[in-house]
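Notes follow once the structure below has been shown.
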Amino acid sequence: MNAMAKIEIAYVKAYKDRHGRMRYYYRRKGLSTLPLPGQPGTAEFMAAYQMADARAPRPNAVIAAEKAASRVQPRSVNALIMEYYRSPAFAQLADSTRRAYRGQLDRFRAVHGDKGALSIQTHHLEAIFHTMVATPEAAVNLRKRLRQVFRLAVRLGWRQDNPVTETEVTRKRDRGIKGWSEEQIDQFQAHWGTGTRERLAMALCLYTGQRRSDVIRMGRQHVKDGRISVAQQKTAARLKIRLHVLLSAEIEAHDAANPTARDHLTYLTTQAGAAFSVEGFGNWFRDACAAAGLKGKSPHGLRKSAGRRLAEAGCSEKQIAAILGHASLSEVARYTREANQANLADDAMDMLEKAETRTGRV
């Protein structure tokens, strides 16, 4: 037999015999070697492969998972959530979004998974939400997830109604993640000088208005004709945004201070030169903020500040959406309302002061 060729199927080895014909074998430690007929991928080949692979002992984790699955009661909350995890609606979500949704739903399953999905009523769910008074935002998010899950129950024919629809959850009266003020932006820039990774990270967030999951993937290959192309991970929206002159300056300064920067596919890398993960970037940037005396600040706050700046510059809602990539204009409208209120209030005060000057009151 001649040199072994590479096959992309686990435990399959390929050899070329003396006649130049490829021969395939299932080889795995602790099991006898078996020949596999036909070509990889054919029905004949895969059927023989599955039979050969079935001889292997299953890991304890797999056995435990199978036992746990067998204990799931039909049409229980557990069963319904597992159906949701297998649904196209869940599969098409971004990886980070799926992890976040699973975290919320798995915590709910741990307490209520054995309950019947058919017997749960609106008042049961409201009682659960009301126990979450200390974390109203978590209750709001859980309600959103369960509304999707029980919508699937209706489509599957398990229920005639969605018990989540009529529930009410009191949202805490705050504005979520707060944007950075101009003073805070100046404070960060005063601590982290031009040419540092930290300063470049701020510029990418502030002058593109994108989420951290998109910022960490940006690189030179995405820039053409002075615009950076963004395929938003969360929404799948595709944007082309002209590079702000200050962002271009920060990229050039970072390249000058870091000779190997152009060797990487992403503008931002870890100390070891690897691309950031979403969580890793968030932790690193929060540490950079804390070092600048800005605790509790985040990359998403800079996205809010980008929207505020655009609104204060007089951009329309559609223009702001073209930068931030919002599918709905409701969030964008808040930026413009706040900016318009401040501008209108300034104009009103100017008019008042001029009037009082004319009447001698000032």
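The values are calculated or read from the model by the stated rules, or taken from the named source; none is laboratory data. It should be emphasised that the depicted structure is a prediction, and the values quoted were computed from it without experimental measurement. Cβ sites come from the backbone with ideal geometry, for glycine too, and all protein chains shown count toward neighbours.
Kindly indicate which of R28, R55, R23 is at pLDDT 80 or above and in a loop (DSSP other than H, G, I, E, B).
R28
Would you pick out the residues in the stretch 252-265 that are touching a residue at least 24 places away in the same chain (Cβ under 8 Å) and either touching a helix residue (DSSP H, G or I) at 6+ places or on another chain (Cβ under 7 Å) or under 23 Å from A322 (Cα atoms) (or both)?
Correct list: H254, R262, L265.
Counting just the residues of the stretch 258-272 that are among the hydroxyl-bearing types (S, T, Y) and assigned to a loop (DSSP other than H, G, I, E, B), which one comes out farthest from the chain's Cα centre (by Cα)?
By that ranking, first place goes to T260.
If only one of L344, L294 is surrounded by fewer than 19 Cβ atoms within 10 Å (Cβ to Cβ), in contact (Cβ under 8 Å) with a residue 60 or more places away in the chain and aliphatic (A, V, I, L, M), which one is it?
Unique residue meeting the criteria: L294.
Within the stretch 299-323, can you find the residues that are assigned to a loop (DSSP other than H, G, I, E, B) and surrounded by 18 or more Cβ atoms within 10 Å (Cβ to Cβ)?
Result: C315, single match.
Can you name the condition, by its number, that V149 falls short on among (1) crowded, with 21+ Cβ neighbours inside 10 Å; (2) at pLDDT 95 or above; (3) closer than 30 Å to D287 by Cβ?
Of (1) crowded, with 21+ Cβ neighbours inside 10 Å; (2) at pLDDT 95 or above; (3) closer than 30 Å to D287 by Cβ, only one is false for V149: (3).
Looking at Q184, Q189, which is the one that is touching a residue at least 60 places away in the same chain (Cβ under 8 Å) and surrounded by 14 or more Cβ atoms within 10 Å (Cβ to Cβ)?
Q184
For the stretch 119-131, does any single residue satisfy the condition of being over 21 Å from N78 (Cβ atoms) and surrounded by fewer than 15 Cβ atoms within 10 Å (Cβ to Cβ)?
Yes, there is a match, as at least one residue in the stretch 119-131 is over 21 Å from N78 (Cβ atoms) and surrounded by fewer than 15 Cβ atoms within 10 Å (Cβ to Cβ).
Taking S248 as the residue in question, decide whether it is of a type in the set (S, T, N, Q), within 25 Å of the chain's Cα centre (by Cα) and either assigned by TED's automatic domain parsing to the domain that holds L118 or not in a loop (DSSP other than H, G, I, E, B) (or both).
no
For the stretch 209-243, how many residues meet the condition of being part of a helix (DSSP H, G or I) and either within 19 Å of R286 (Cα to Cα) or among the aliphatic types (A, V, I, L, M) (or both)?
Here the count works out to 4.
Hey, R199 hits all of (1) more than 27 Å from F90 (Cβ to Cβ); (2) at pLDDT below 95 but one; which does it fall short on?
(2)
If I ask for residues that are under 20 Å from the mean Cα position of the chain (by Cα), farther than 20 Å from S96 by Cα and touching a residue at least 24 places away in the same chain (Cβ under 8 Å), which ones from the stretch 213-238 would you list?
Within the stretch 213-238, G219 is the sole residue that qualifies.
Is it fair to say A65 is over 25 Å from the mean Cα position of the chain (by Cα), closer than 30 Å to K234 by Cβ and at pLDDT below 85?
yes
Kindly indicate whether R86 is within 30 Å of Q160 (Cβ to Cβ), assigned by TED's automatic domain parsing to the domain that holds R143, out of contact with any helix residue (DSSP H, G or I) (no Cβ under 9 Å at 6 or more places or on another chain) and modelled with pLDDT of 85 or more.
It is true that R86 is within 30 Å of Q160 (Cβ to Cβ), assigned by TED's automatic domain parsing to the domain that holds R143, out of contact with any helix residue (DSSP H, G or I) (no Cβ under 9 Å at 6 or more places or on another chain) and modelled with pLDDT of 85 or more.
Taking the criterion of being touching a helix residue (DSSP H, G or I) at 6+ places or on another chain (Cβ under 7 Å), closer than 18 Å to Y207 by Cβ and of a type in the set (V, I, T), would at least one residue in the stretch 321-340 satisfy it?
Checked against the condition, which is being touching a helix residue (DSSP H, G or I) at 6+ places or on another chain (Cβ under 7 Å), closer than 18 Å to Y207 by Cβ and of a type in the set (V, I, T), the stretch 321-340 yields at least one hit.
State yes or no: is S76 surrounded by 14 or more Cβ atoms within 10 Å (Cβ to Cβ), within 30 Å of R211 (Cα to Cα) and modelled with pLDDT of 80 or more?
Here the answer is no, as S76 does not meet what is asked.
Output the helices (runs of 4 or more DSSP H) that fall wholly within the stretch 69-131 and possess 1 or more residues being more than 16 Å from A153 (Cα to Cα) and touching a residue at least 24 places away in the same chain (Cβ under 8 Å), or say none.
95-112, 122-130
From (1) on the phi < 0 side of the Ramachandran plot; (2) modelled with pLDDT under 80, pick out the condition that doesn't hold for G176.
(1) is the only condition that G176 fails.
Which one of these does G157 not meet: (1) within 27 Å of the chain's Cα centre (by Cα); (2) without any contact (Cβ under 8 Å) to a residue 60 or more places away in the chain?
So G157 meets the others, but not (1).
Looking at (1) without any contact (Cβ under 8 Å) to a residue 12 or more places away in the chain; (2) surrounded by 11 or more Cβ atoms within 10 Å (Cβ to Cβ); (3) over 30 Å from F285 (Cα atoms), which is the one condition that is false for H326?
All conditions pass for H326, except number (3).
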